[in-house]
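K.L.:
For reference, the structure I am asking about is given below.
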Amino acid sequence: MRKIKKLLVGLLVSASMFITTVSPALAAEETVSMEVETASPRAGNETWTGSGFGGSYTFTNNNLTPIKTMGKSGRLLISGHFYGTDGFASSSPIKLTVQIRSTNGNVLASTEVIDTRNGNIHFSVAANVTAGQQIRLFFDASSIANPPGIYRSAFVAYNFYL
């Protein structure tokens, strides 16, 4: 995206210099202002077929992914790892709940794993899906020993296999 932005800005500058050089009267009469919009990459609606990288991010409390459309029927496996990022290792381990949900909120599959505070903790969850079905993944980091608070933060990375 940055290369495209630089290319567009370069073309605009070149075109502006060309117009000024060829026709100073035209350039002096009208000033044209153009803004180049920058977009930040975000997870979005996707169609999943085969296997690939699902995503990785740090979140607090919980996260519900954008809609994922199944490109074929079969067994969807979500596999990944997580670890707590809260800095409260001595006081409260984190339990991660991972759910595959239909778009109406029904839970198709669920698993829970506990952060032992010894590095990456593996998780996996699987559900049968059909071509065209839309799902969302739900991740919840909950504390085990203490009430909810700033220590319910986790990093998660996952892949999908269909």
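The values are calculated or read from the model by the stated rules, or taken from the named source; none is laboratory data. Please read these numbers as outputs of a predicted model, since none were measured by experiment. Here Cβ is always computed from backbone atoms with ideal geometry, including for glycine, and neighbour counts include all displayed protein chains.
K.L.:
Residues that are surrounded by fewer than 17 Cβ atoms within 10 Å (Cβ to Cβ), aromatic (Phe, Trp, Tyr) and at pLDDT 95 or above, at least 3 per element: which strands (runs of 3 or more DSSP E) completely within segment 94-162 meet that?
P.N.:
So the answer is none; nothing clears 3.
K.L.:
Across segment 61-82, which residue is modelled with the lowest pLDDT among those that are within 16 Å of residue 119 (Cβ to Cβ) and buried (at least 19 other Cβ atoms within 10 Å of the Cβ)?
P.N.:
82
K.L.:
Among 97, 60, 49, 69, which is out of contact with any Asp or Glu (no Cβ under 9 Å at 6 or more places or on another chain) and either at negative phi or not acidic (Asp, Glu) (or both)?
P.N.:
49
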